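> Quick one: structure below, then a few questions.
Computed from the coordinates by the stated procedures, all read-outs in this text should not be read as laboratory data. Note that the structure is a prediction, hence the values are computed from the model and not measured. Cβ placement follows ideal geometry from the backbone for every residue including glycine, while neighbour counts extend to all protein chains displayed.
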DNA sequence: ACGGAGATGGACT
DNA sequence: GTCCATCTCCGTT
C-alpha cells in the first residue's frame, strides 16, 4: 500500500476501516519508539446511530469532525479509545482501532500496561494490545493526542500512521460493545490473527 | 448544579 | 456469565 492509496481510503470510514488493517502506528515518546500493526478496526460512518458524531458536534466528539487522518481519542470509564478520522472535514466519521500487534518497543508497551495495572496481574502475551483500551495503555495514547495529524511524519511526530503491506484475508463481523445498530457488519479483522480481541 | 451513561477492562462466580 | 471502578461529557434543572 502506498501513502496515496491510504489517503484515498480515508475518504470514508467504510473504505478506511478495512484499508487500515495491516497499517502501522509509530508512537514516539521520551522513552523511545513503539511500533504496532493494526489487526482489528470498526467503521463508524455518518448517519450511523452508533457513531458518536450522529447527533452533531460536541466538545467530546469535536475531533471527529476534523481533517481525515487526524486522531479522535475519547475516554470510556477507565480507558481511552483511539480512532482515525475519515471523510471530509465536518462529515463526522471515524474508524475505531480495536487491536494491534506489537512490532517493536515491546518492553515499553509492557511497562506502560503494567503501570496502568497497578494492584492487578501484569498483562502478558496477546493480552497486551488485544482491545481498544489495552492498546491505548500500551502505546500511552490519551486525550493529549486528541486531534493530532497522524499523517505528519518526522522525529517530532508523537503518533504516526503509516501504510502497511498487503494483508491476509479480511473477515467482517458485527461491531462490539454498542447498544444500537448492532446488525451492521462494520468490524474488520485480519483473519486468524491471534492479536484480535475476544 | 446534578444525574446518568458509556465504541472498556479486570476480577470474580 | 455478572459486577463495578472512575471520569468526562452531555442534557436537564
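> Return the single residue from A:164, A:177, A:131 with maximal mean-square fluctuation; model: Gaussian network over chain A, springs between Cα atoms under 10 Å.
Answer for the Gaussian network model of chain A: A:177.
> How many percent of Cα pairs in region A:116-188 exceed 17 Å?
67
> Can you work out the FRET efficiency for the pair residue A:198 and residue A:88, with r the C-beta to C-beta distance and R0 = 25 Å, to the nearest 0.05?
So the FRET efficiency works out to roughly 0.15.
> Can you give me the angle between helix A:106-115 and the longest principal axis of chain A, using Cα atoms only, in degrees from 0 to 90, rounded to the nearest 10?
Roughly 90 degrees, rounded to the nearest 10.
> Another question about this same structure. If the label point is 7 Å along Cα→Cβ of residue A:152, which residues in region A:52-85 have backbone nitrogen under 13 Å from it?
Correct set: A:67, A:70-71.
> Working only with C-alpha atoms, what are the Rg and Dmax values of region A:3-157, expressed in angstrom?
15.0, 45
> So, one more: Normalized C-alpha radius of gyration of region A:49-126, against 2.2 N^0.38 Å? Show your work: numbers first, answer last.
On the way: Rg = 15.5 Å, N = 78, 2.2 N^0.38 = 11.5 Å.
Relative to the 2.2 N^0.38 Å estimate, region A:49-126 comes out at 1.34.
> For residue A:76 and residue A:5, what does the FRET efficiency come to when R0 = 30 Å and r is the distance between their Cβ atoms, rounded to the nearest 0.05? Could the numbers behind the result be given before it?
Working: r = 31 Å, r/R0 = 1.05.
Working from the Cβ atoms, E equals 0.45.
> Can you work out the FRET efficiency for the pair residue A:103 and residue A:60, with r the C-beta to C-beta distance and R0 = 22 Å, to the nearest 0.05?
Given R0 = 22 Å and the Cβ-Cβ separation, E is 0.10.
> May I pose another question? Testing the spin-label approximation: label points 7 Å from Cα along Cα→Cβ at residue A:33 and residue A:111. State their distance in nm.
1.7
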